Amino acid sequence: MPFPPIAASAPRMPRERPTSAGVASSPTGTSSPITATTTITHEDQLDFSLSPTVRHSMDNLRSCAEALEQMCASDPEKLICKHPSVEKIQDTIEAFPCPTHDPDAFHEKLHSRLEDGLSRGLTLPIHELDYPEGGRGWVVVMGCTLIASVTMGWGLTAANLFPHASQASLSMIGSYQALVMTLTVFPIGKLQDKFGYKRFLAPGCALAVLHLFLSAFSSKIWQFSLTQGVLQGLAFGCILPAITSIPAQYFKKKRGLAIGIVMAGASFGGGIGAIIARVLLSTYGLRKAFLIHFGMHSFCALVGCLLVQERKEASEVSRAKSAHLQWYDKKIVEDRCFWGLGTSILFAGFGYLPLIFYLSIYTKDVVTGVSDASAVLPVTLMNVAAAAGRIAVGYAADQVGPVNAFMVSVAMSGLVQLVWWNFSRSLALILVMSLALGFFGASFVSLTGPVAAHIYGTERLGAILGLLTLFNAPSNLGAGPLAGAILDASGGNWHAVIGFSGSVQVLAGLCMLYVRLQKQPKIIAIY
């Protein structure tokens, strides 16, 4: 097979070079940041291929190919002539006709293409985004924590405003809320990546306080289902991606701690709100209690929104990468680690939520003569420990890696259930156990954001968190009923329920171990 002749290269002429990394020199001598890129055509590839290093490699490649051709011509029966590598070399040579290379013309073409990209507003991530790791970021964390405390923690408060309602009615309202949030958080998160997070945060806060005002004038269960279920679920769908993604723009080394503080606000807000709700209900009645909560929550949400501010640089990168709204991300869906992470979240929910639903019932069943107030004390302590655990485990995640922290925390929660809860028959042991379960068990909620950001980056974090939230839907809707069915089928045997919830949390840890080894095969490593 004949090979194309090697074209002579024009002598290299002096030309202007970029003044610094990411900065190109314009014809007027001024420097402009390179923040855009355009599609590289085949002709451009030829220009790039003719750098001195590549030209030298091409010369060696041709020499090798010519030697192989002569060898085959002298002895056609040699196996080497029929080897696929020989044909591949010949195809490679034919693909590069090697026109005469003019460095000045190449530089002008490159500069014009960069200018064209700048005019079209495209983005080229030349270097990794810098993170302040503090400063204004802590103010943003404070604002997100304040918003989380009066919105995401409302579920625990609401249960205390309906002390005479049946468990079935409260569960139905909670199911509507979880269902609406799960169905809306992904599309809303996708839109937040494209248009900005704060644009959806303020409407979410407005819905979160509007449902309180409408609930004050509701009297039937279907009305409360609309206000407490549908409206609040839609509010959660707007708020959750924003309060997780915005702090992640300011922190990388301290991201676990920052998001842990935000999610701890939900636990603190729910615990404190439960106490306030009981006082208001007994003093003013249901309608006035809702109206007072409406006023308090409106003030806190307004202050929180004023404190929260997106980082301009990070938001521009996120919006540029989401410029073409893509609802189906093939790369994510085909990623085995994504499914491993989602399965871990699924099992973690099925292992943790039965504690909230049945720990008080278990206490009344096994502790003789315990009062109603003492029976709910383990759940209260578990929520307090959950807030502390989300902060402490978040800090640990910054030291050992969020994937490692997620894996260890859910596995520890499962082991505490299997080893400790199975043998707790006194109120003191149950109280200490509830502290350990809250500390480790609830951390998977606050670590989902840092894990997703660590694996996939922060540019599309809202959409990825929305997808991962879908894995919470089965446990939000079915963990309580499934644990109850196991308890009934076993004839009231609590060991069966404990064995189920503890085992699936250990399984969640094993799923995260799979993700960890896929991404970082070293046994001892920060990841």
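The values are calculated or read from the model by the stated rules, or taken from the named source; none is laboratory data. These numbers come from a predicted model, not from an experiment. Here the Cβ positions follow ideal geometry from the backbone for every residue, glycine too, while neighbour counts run over all protein chains shown. Areas reflect the complete protein model, heavy atoms only, side chains present, ligands, DNA and RNA absent. Shrake-Rupley method; radii C 1.70, N 1.55, O 1.52, S 1.80 Å.
Scan the range 510-519 and tell me whether some residue there is open to solvent by 30 Å² or more (accessible area, probe 1.4 Å), of a type in the set (Phe, Trp, Tyr) and at pLDDT 85 or above.
Looking for residues that are open to solvent by 30 Å² or more (accessible area, probe 1.4 Å), of a type in the set (Phe, Trp, Tyr) and at pLDDT 85 or above, one finds at least one in the range 510-519, hence yes.
All but one of (1) in a helix (DSSP H, G or I); (2) touching a His at 6+ places or on another chain (Cβ under 8 Å) hold for Gly478; state the number of the condition that does not hold.
Failing condition for Gly478: (2).
Specify which of the listed residues (Gly295, Gly273, Gly265) is free of Cβ contacts under 8 Å to residues at least 60 places away in the same chain and open to solvent by less than 60 Å² (accessible area, probe 1.4 Å).
So the residue among Gly295, Gly273, Gly265 that is free of Cβ contacts under 8 Å to residues at least 60 places away in the same chain and open to solvent by less than 60 Å² (accessible area, probe 1.4 Å) is Gly295.
With the requirement that a residue be open to solvent by less than 10 Å² (accessible area, probe 1.4 Å) and out of contact with any Cys (no Cβ under 9 Å at 6 or more places or on another chain), what does the range 237-249 give you?
Selection gives Gly237, Pro241, Ser245, Ala248, Gln249.
Considering only the range 133-149, state which residues are β-branched (Val, Ile, Thr), within 23 Å of Gly237 (Cβ to Cβ) and open to solvent by 20 Å² or more (accessible area, probe 1.4 Å).
Passing the criteria: only Thr145.
Could you list, in sequence order, the residues of the range 335-363 that are open to solvent by 50 Å² or more (accessible area, probe 1.4 Å) and at pLDDT below 85?
Residues satisfying the conditions are Ile356, Phe357, Ile361.
List pairs: first residue in the range 336-353 and closer than 13 Å to Leu510 by Cα and touching a residue at least 60 places away in the same chain (Cβ under 8 Å), second residue of a type in the set (D, E, K, R) and surrounded by fewer than 21 Cβ atoms within 10 Å (Cβ to Cβ) anywhere in the structure, Cβ distance under 7 angstrom, at least six positions apart or on different chains.
Cys337/Lys519
Take the residues in the range 195-221 that are modelled with pLDDT of 85 or more, open to solvent by 70 Å² or more (accessible area, probe 1.4 Å) and among the aromatic types (Phe, Trp, Tyr); name whichever of them is nearest to Thr151 (Cα to Cα).
Going through the qualifying residues, I end up with Phe213.
May I ask you to verify whether Ala452 is open to solvent by less than 20 Å² (accessible area, probe 1.4 Å), small (Gly, Ala, Ser) and part of a helix (DSSP H, G or I)?
Yes; evaluated as a whole, the condition is true for this residue.
Can you tell me which residues in the range 324-334 are of a type in the set (A, V, I, L, M, F, W, C) and open to solvent by less than 60 Å² (accessible area, probe 1.4 Å)?
Across the range 324-334, the qualifying residues are Ile332, Val333.
Those residues that are assigned to a helix (DSSP H, G or I) and within 19 Å of Ala397 (Cα to Cα), I need them from the range 507-527; list them, please.
Across the range 507-527, the qualifying residues are Ala508, Gly509, Leu510, Cys511, Met512, Leu513, Tyr514, Val515, Arg516, Leu517, Gln518, Lys519.
Six or more apart or on different chains, Cβ under 6 Å: which pairs go from a residue in the range 225-247 that's closer than 22 Å to Val262 by Cα and of a type outside the set (Gly, Ala, Ser) to one that's outside any helix (DSSP H, G or I) and open to solvent by 10 Å² or more (accessible area, probe 1.4 Å)? Could you list them?
Ile246/Glu310
Only one of these is under 18 Å from Gly457 (Cβ atoms) and among the hydrophobic types (A, V, I, L, M, F, W, C): Val333, Val367, Val410. Name it.
Sole residue among the options that is under 18 Å from Gly457 (Cβ atoms) and among the hydrophobic types (A, V, I, L, M, F, W, C): Val333.
Are any residues in the range 165-194 aromatic (Phe, Trp, Tyr) and at pLDDT 80 or above, and if so, which ones?
Phe186
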